[in-house]
Amino acid sequence: MWQSRRVSSGGQVSVAFRGVSKTFTTRGDTVVAVDGIDLDIGEGEFFSMLGPSGCGKTTMLRMVAGLDHPTGGSIEIFGAPVADVPAHRRPVNTVFQHYALFPHMDVTDNVGFGLRMQKVGVIERRRRVGEALELVRLDGLSGRRPAELSGGQQQRVALARALVNRPRVLLLDEPLGALDQKLRVEMQQELTGLQRELGITFVFVTHDQAEALTMSDRIAVMRDGRILQLGTADDVYERPTDRFVADFIGDINTIDGVVADASTIALATGERIAGDVAGRAPGTEVSVAIRPERLRLAPVSPDSADGSAPHPHPGTPVGRSLRGRVDSTAYLGNASVVRVCVDWVELTVRVPASAPIPEAGETVDVSWEQEALLVLEPQTSTVVDTADVGTRMRP
Amino acid sequence: MTVGPDRIAERRERRIGLLVALPSYAYLVVFFLVPLLLIGIYSFSTRNRFGEAELRNWNLDGYRRLGNDVVLDIALRSTWLALLTTLICLVVAYPFAYFMATRTKVVRNVLVVLVMIPFWSNFLVRNYAWRVILGRDGPMSDVTEFIGLGESRLLFTPTAVVIGLVYGFLPFMILPLYASIERIDHQLIEASRDLYASGWSTFRRVVLPLSMPGVVAGSILVFVPSLGAYVTPEILGGAKTTLLGSYVVTQFLAARNWPSGAAISVVISVVMLVATLVYFRRGGRTL
C-alpha cells in the first residue's frame with residue numbers, strides 16, 4: 001500500500017525553493033514561519049507538505065502563489081525566479097482551504113473567472129468551463145450560487161476554477177479539511193486520479209498524515225519551518241529518520257534507552273534488546289520505535305509467567321521480545337488494539353482480526369522482526385539535508 | 001394535526017419576542033406613525049381666510065399647488081443637490097472606508113471614533129463654522145487669494161450647500177461602507193489575484209460587488225436627509241437657493257398654508273419610500 005506509485009516524467013524541476021525563509025513580525029515579536037528551506041519539486045509530481053499547524057507548510061504554498069513573499073532566499077517556477085512576478089502573473093493556481101468561491105457569482109462565472117481575466121473569448125471560455133465542470137462531474141449545476149451547493153460540490157467548483165486555467169502547478173491548501181470522512185476519501189481518489197490524468201504538478205498541503213500517505217509521490221514532513229524528512233510515503237512511514245516524524249505519521253511505540261554495545265540497546269525499563277547501533281558510542285541515548293502492526297503477541301503459560309526471572313519463552317527470539325501484561329483491548333472491526341504494559345511502558349499492539357485476542361491481565365510476550373525496529377535520536381529533531389535529497393528525487 | 005411541544009415552545013418564544021419589542025413598536029407608532037398620519041390628514045384639509053387649517057371640506061388644493069413651476073424648480077434643485085451630495089460622499093468615503101477596513105483592529109477602532117467625533121458637537125454650530133470658513137474673510141478666502149483667485153465667493157451658493165451637506169452626512173456613508181467592506185473574506189481577494197485579476201479588476205469584480213449592501217445603505221442614509229435638509233441650506237445657501245426643506249417650513253410658518261406644506265411633505269415621503277424600495281431591490285439583486 002505504501003509503495004510509490006509511479007516514476008516522475010522528465011525529471012524537470014517545476015518549483016524550486018532556494019534557501020527560502022519567511023519571518024513575520026507581529027507586535028514586535030518575530031516569528032520564523034519558514035526557516036531556510038531548499039527543495040525541488042519535480043514536474044508532474046504529487047508533492048505533499050505535511051505537518052502540524054504552524055509548521056510553515058501553508059506559508060510555503062502562499063509564497064509559491066505570490067500571496068506571501070520570502071524574507072530570504074528565492075523561489076523559482078520552471079527555472080525562472082518569481083520574486084518580481086505578482087500573484088496574478090504566476091503560472092500557478094490555488095485551491096483555497098475554505099474554497100474562497102465568489103459568493104456573488106454562479107458556478108459558471110466562478111469557474112470562468114480566471115479565463116475572463118486572461119481575456120479568453122466568450123466561446124472558448126464557455127467551452128473550457130464546460131469541460132472543467134465535466135472533469136469534476138458538476139455539469140448541470142452551472143447556474144447555482146456557491147451558497148446553494150454542498151461542501152463537496154463547492155470543493156469541486158474550487159478545483160474546476162483552478163484547473164480550467166490549465167496551470168502548470170496546482171497548489172492545494174488543505175482542500176479536503178472541511179469535508180466529512182466519507183467524502184474525503186472519495187475526493188482523495190478523485191484528486192489523485194485527476195493529477196495522473198492531467199500530469200500537472202500538485203503541491204498539496206495537509207496536516208492529515210493518512211491523506212498525505214495515500215495520495216503523494218513524495219512527502220515533506222515539516223515542523224517549525226523546517227523539513228524534517230523528505231521522501232516517499234514508504235520512506236517516511238517505514239523509515240522515519242526522526243522521532244517527531246515517526247510520531248506524527250501513524251501510531252508508533254517509542255521507548256528510550258542507551259547504547260550498550262554495537263548490537264545491543266539497554267532500555268530504560270531495564271531489558272536489553274538487539275538493535276543495530278553500530279555507529280553510536282556506548283552510553284549514547286537513543287529512542288527505539290516500532291509500529292503497532294509490526295508487533296506480535298504470544299501467550300505465556302502461567303507457570304513460566306510466575307517466575308520472576310525474565311527467561312525467554314520457548315519460541316520467542318532472544319533480544320527481540322519483551323514480556324508484559326495485557327492492560328486493555330479494543331475491537332476496531334478489521335483489527336484489535338491491545339495495550340500491553342512492560343514495566344511502566346505501555347506498548348500498543350495492532351492484532352489482525354484473524355489472530356486470537358488475549359484477555360486483560362494475561363501475561364504475554366511481545367515480539368518483532370529485527371528490521372521493524374527503528375533506532376532514532378531521542379526527542380530532539382534532526383534536520384535532513386534537503387538540498388541533497390532534492391537532487392535525487394526518485395528512489 | 002396535533003401540535004407538538006416544539007411548536008408550543010416556538011410560539012411561546014415568539015410571544016416573548018413580541019413582548020420585548022412592544023415598547024419600541026409603541027414608541028415608533030406614537031412618535032413617527034401618528035405625526036405622519038396627521039400630516040396626511042392635514043394635506044387634505046381646508047385653509048380658511050385667517051390661514052388656519054380646518055379639518056372639514058376635504059379637498060386636493062394642497063396637491064394642486066405642487067404642479068406650479070416654483071415648486072417643481074425647487075424639487076428639481078433639491079433632488080440634484082441631494083444626488084450630487086450622495087455621489088461625492090460615495091467617491092470620498094469609499095477609499096477611506098476601504099483603508100479603514102484593511103487596517104489592524106486597533107487602528108480601525110481609532111478611525112471609527114475619529115469618524116464619529118463631529119457628532120460630539122452641535123450640528124447647527126458646525127454649520128455656522130462652515131459659514132466662517134467659506135465666508136469672505138474666512139480661511140477659504142485666504143487660500144483662494146493666495147493662489148490668485150481673489151476672495152472666496154462660495155458662501156450662499158449651491159456649492160456651499162453641497163460642501164455643508166457632504167461634510168454633515170459623510171459619516172453616514174463611511175460607516176455602512178466600512179462595515180460591508182470589513183466583512184469581505186480576505187481570501188476572496190487572494191483568490192481573485194490568484195486567478196490573474198489585477199488590482200483594479202479585483203476591485204471591480206470582487207470587492208465592489210460584495211460591498212454593494214454598504215453602497216446601498218450609505219447612499220440612502222445620505223440621499224434621504226440631503227433631500228429634506230433644512231438647516232444647512234438655510235445657513236450656507238442664502239436666499240437664492242431655496243430647497244424643499246425650507247419651502248415646507250415657509251408654507252407652514254410664513255405662508256400659513258398648512259394643507260400645501262403637508263401635501264408636499266406627503267409627496268416627498270412617498271417618493272423617497274418608493275425610491276428606497278427600488279434601490280434596495282436593485283442593490284439586492286446585484287449581490
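Taken together, the values in this text are just the output of simple stated rules run on the coordinates, not laboratory data. Everything numeric in this text was worked out from a predicted model, so none of it was measured. Heads up, the Cβs are rebuilt from the backbone with ideal geometry, glycines too, and the neighbour counts pull from every protein chain shown.
Which FRET efficiency value, to the nearest 0.05, do you get for A:Val258 and B:Arg183 by plugging their Cβ-Cβ distance into 1/(1 + (r/R0)^6) with R0 = 60 Å?
Rounded to the nearest 0.05, the efficiency is 0.55.
State, as an integer percentage, the relative contact order of region A:65-159 based on alpha-carbon contacts under 8 Å between residues 6 or more apart.
Reported relative contact order: 31 percent.
Just to check I understand the Karplus step: with θ = phi - 60° and J = 6.51 cos²θ - 1.76 cosθ + 1.60, what whole-Hz values come out for region A:75-85, glycine and proline as x?
Going residue by residue, I get 10, 10, 10, 6, x, 9, x, 10, 3, 9, 9 Hz, with x marking Gly and Pro.
If you count, for every residue in B:199-207, the Cβ atoms of partner chains within 10 Å of its Cβ, what is the mean?
2
Starting from the amide H of A:Thr264, placed 1.01 Å from N in the peptide plane, find each other amide H under 5 Å away whose residue is 5 or more places distant or on another chain.
Close amide H contacts, sequence-distant or interchain: A:Gly275, A:Val277.
For chain A, what does -39500 (n - 2.57) per DSSP helix run (n ≥ 4), summed and divided by total residues, give at 222 nm, in deg cm²/dmol to the nearest 500?
Values: 10 runs with 95 residues, N = 395.
Helices in chain A give a 222 nm mean residue ellipticity of -7000 deg cm²/dmol.
Tell me, rounded to the nearest percent, the portion of alpha carbon pairs in the protein assembly as shown spaced more than 41 Å apart.
55
Along the Cα→Cβ direction, 7 angstrom out, place labels at B:Asp137 and A:Trp344. What is the inter-label distance in nm?
Distance between the two pseudo-spin positions: 9.2 nm.
Below 8 Å, C-alpha to C-alpha, sequence gap of six or more: please give me the relative contact order for chain A in percent. Walk me through the intermediate numbers first.
On the way: 820 pairs, mean separation 66.6, N = 395.
Contact order relative to length: 17 percent.
I want to check the label-to-label distance for B:Phe96 and A:Phe24. Put each point 7 Å from Cα in the C-beta direction and report it in nm to one decimal.
Here the answer is 3.1 nm between the modelled labels.
In sequence order, what are the phi-derived ³J(HN,Hα) couplings for region A:20-37 according to the Karplus relation 6.51 cos²θ - 1.76 cosθ + 1.60 with θ = phi - 60°, rounded to whole Hz, with x for glycine and proline?
Result, ordered by residue: 7, 10, 8, 10, 10, 10, 10, 6, x, 8, 9, 10, 8, 8, 10, 10, x, 9 Hz.
I'd like the Kirkwood hydrodynamic radius of region B:46-184, using the inverse of the mean 1/r over distinct C-alpha pairs, in Å.
18.7
Can you compute 3J(HN,Hα) from phi for each residue in region A:45-54, using the Karplus curve 6.51 cos²θ - 1.76 cosθ + 1.60 with θ = phi - 60°, rounded to whole Hz and x for Gly and Pro?
8, 9, 10, 10, 10, 10, x, x, 5, x
Specify, per residue and in Å³, the volume enclosed by the convex hull of the alpha carbon atoms belonging to region B:1-82.
Convex hull volume per residue, Cα atoms: 238 Å³.
Output the peptides A:98-108, B:136-146, A:134-144 sorted from most to least packed, where packing is the average of other Cβ atoms within 10 Å over each peptide's residues.
A:98-108, A:134-144, B:136-146
Please state the relative contact order of chain B as a whole percent: Cα pairs under 8 Å, 6+ residues apart? Each step should come with its number before you reach the end.
On the way: 313 pairs, mean separation 79.0, N = 287.
It comes to 28 percent, rounded to a whole number.
Regarding chain A, what is the average projected area of its C-alpha convex hull, in nm²?
The orientation-averaged projected area of the Cα hull of chain A comes to 23.6 nm².
May I ask for the Rg/Rh ratio of region A:199-299, computed from Cα atoms with Rh as the Kirkwood radius, given to two decimals?
My calculation puts Rg/Rh at 1.06.
Taking amide hydrogens as modeled 1.01 Å from N in the peptide plane, which residues meet the under 5 Å criterion relative to A:Leu228, leaving out close sequence neighbours?
Those qualifying (amide H under 5 Å, at least 5 residues apart or on another chain) are A:Val221, A:Met222, A:Arg223.
Enter the mean projected area of the convex hull around the alpha-carbon atoms of region B:67-142, in nm², rounded to one decimal.
8.0
If you count, for every residue in B:183-193, the Cβ atoms of partner chains within 10 Å of its Cβ, what is the mean? Present the calculation step by step, with values, prior to reporting the outcome.
On the way: counts 0, 1, 6, 1, 9, 8, 2, 9, 15, 7, 10.
Mean number of neighbouring Cβ atoms from other chains: 6.
Over the whole of B:38-48, what's the average partner chain Cβ count within 10 Å per residue? Rounded to a whole number, please. Mind showing how you got there, number by number?
Numbers: counts 0, 0, 0, 0, 0, 0, 0, 0, 0, 0, 0.
Partner Cβ neighbours, averaged per residue: 0.
Mind giving me the FRET efficiency for B:Val231 and B:Leu18? R0 is 45 Å, r the Cβ-Cβ distance, nearest 0.05 is fine. Mind showing how you got there, number by number?
On the way: r = 38 Å, r/R0 = 0.84.
So, using R0 = 45 Å, E works out to roughly 0.75.
Take the Cβ-Cβ distance between B:Arg256 and B:Arg153 as r, set R0 to 25 Å, and report the resulting FRET efficiency rounded to the nearest 0.05.
E between B:Arg256 and B:Arg153, to the nearest 0.05, is 0.10.
Which percent of Cα-Cα pairs in region A:93-160 sits in each 10 Å bin, short to long?
Using 10 Å bins, I get a P(r) of 23, 59, 18, 0 for region A:93-160.
I need the per residue convex hull volume for region A:137-234, using only the alpha carbons, in cubic angstrom as a whole number.
120
Using a simple spin-label model with points 7 Å from Cα along the Cα→Cβ vector, what separation in nm is obtained for A:Asp247 and A:Asp139?
5.1
Express the Stokes-Einstein translational diffusion coefficient of chain B in µm² s⁻¹, to the nearest whole number, given a Kirkwood radius over alpha-carbon pairs, 10 °C and a viscosity of 1.306 mPa s.
The diffusion coefficient I find is 70 µm²/s.
At a 10 angstrom cut-off on C-beta neighbours, averaged per residue, how do the peptides B:9-19, A:27-37, B:223-233 rank from highest to lowest? Write down the numbers at each step before the final one.
On the way: B:9-19: 10.2, A:27-37: 14.8, B:223-233: 21.8.
So the order, starting with the most tightly packed, is B:223-233, A:27-37, B:9-19.
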